[in-house]
């Protein structure tokens, strides 16, 4: 049925259904990892983030949030190093595409080769295979626990407070990022904005005409912040370990190009972020509750 609450679907069963679907898809990705391990790692981490976003939607109405959120975070963490190298390779391509009329791509090809080699050296190890197997085992355990998940408070109130909390944190993270524009602060904004995007996705089918265009705008801001983070990681690696890429002027130049792109993203997102996060969290939470209660008739908590 997808990553969304369906019209007429009670919240308790919806949360269990969505969680089980994401866990199942993550396990399928692990089972298919022999075909493309890079893809599998990327997908299972995405499923874990979706699961954590789901938990945040109803956080005020459940007593198992901390334990399960930590479980999904810790399950995906051993796979992060492989994904970081894959993201750096993709970000290199993004920088080259952006500046294709200003630089000679072949001058930087040795950096791309180094990124690819390092990525494969991590991804194709027996250790990474063991990590994927361990991840699968943890998902099996979690799937068994999902059957015991239950809401302790009213569905509408849980959604209202959950959305308000996440939106408020995204708003505060944006303000902090522009108050002191460091890569880490923008990364914190990115994480909060992405969780808000997950909440919009979860509620979209309940009021498509209103939520869908809003969700698209949140997605664009979140994606731009993701590019910002990836550019910071690439530039940081080039600056901290230039010898890994052969050193020299080309490494310094690529790092500067990445930093310039990142600065442009910061400038472009200032106005869009202010528009998107201009509301009071309580207002957004109340609207989310009305979206849910206006379309769900059976509010029995399973």
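The values are calculated or read from the model by the stated rules, or taken from the named source; none is laboratory data. Note that this is a predicted model, so its numbers are computed, not measured. Virtual Cβ from ideal backbone geometry, glycine too; neighbours counted across all protein chains shown.
Residues in the range 149-182 that are within 30 Å of residue 7 (Cβ to Cβ) and assigned to a helix (DSSP H, G or I): 17 in all.
Within the range 232-253, track down each residue that is under 17 Å from residue 103 (Cβ atoms) and under 26 Å from the mean Cα position of the chain (by Cα). Of everything in the range 232-253, those that are under 17 Å from residue 103 (Cβ atoms) and under 26 Å from the mean Cα position of the chain (by Cα) turn out to be 234, 235, 238. When 136, 187 are screened for being assigned to a helix (DSSP H, G or I) and more than 19 Å from the chain's Cα centre (by Cα), only 136 passes. Within the range 237-258, the presence of a residue that is surrounded by fewer than 19 Cβ atoms within 10 Å (Cβ to Cβ), under 30 Å from residue 156 (Cα atoms) and either in contact (Cβ under 8 Å) with a residue 24 or more places away in the chain or in contact with a strand residue (DSSP E or B) (Cβ under 6 Å, 6 or more places away or on another chain) (or both) is excluded. Restricting attention to the range 207-223, the residues that are crowded, with 18+ Cβ neighbours inside 10 Å and within 20 Å of residue 98 (Cα to Cα) add up to 2. Put simply, of 112, 77 the only residue that is surrounded by fewer than 16 Cβ atoms within 10 Å (Cβ to Cβ), modelled with pLDDT of 95 or more and in a helix (DSSP H, G or I) is 77.
Taken over the range 1-13, residues that are surrounded by fewer than 21 Cβ atoms within 10 Å (Cβ to Cβ) and either without any contact (Cβ under 8 Å) to a residue 60 or more places away in the chain or within 16 Å of residue 204 (Cβ to Cβ) (or both) amount to 8. In this structure, is residue 25 surrounded by fewer than 18 Cβ atoms within 10 Å (Cβ to Cβ), modelled with pLDDT of 95 or more, part of a helix (DSSP H, G or I) and within 14 Å of the chain's Cα centre (by Cα)? The answer is no for residue 25. The number of residues in the range 73-125 that are free of Cβ contacts under 8 Å to residues at least 24 places away in the same chain, closer than 19 Å to residue 233 by Cα and more than 26 Å from the chain's Cα centre (by Cα) comes to 2.
Whether a residue is at pLDDT 95 or above and under 20 Å from residue 88 (Cα atoms) was assessed, and residue 277 does not pass this test.
Surrounded by 14 or more Cβ atoms within 10 Å (Cβ to Cβ), within 30 Å of residue 17 (Cβ to Cβ) and in contact with a helix residue (DSSP H, G or I) (Cβ under 8 Å, 6 or more places away or on another chain): does that describe residue 153? Considered against the rule, which asks whether it is surrounded by 14 or more Cβ atoms within 10 Å (Cβ to Cβ), within 30 Å of residue 17 (Cβ to Cβ) and in contact with a helix residue (DSSP H, G or I) (Cβ under 8 Å, 6 or more places away or on another chain), residue 153 comes out as yes. Quick one: would you say residue 40 is buried (at least 21 other Cβ atoms within 10 Å of the Cβ), within 30 Å of residue 244 (Cβ to Cβ) and in contact (Cβ under 8 Å) with a residue 12 or more places away in the chain? So residue 40 fits the description; yes. Selection of the range 80-109 for residues being outside any helix (DSSP H, G or I) and over 20 Å from residue 246 (Cβ atoms) yields 100, 101, 102.
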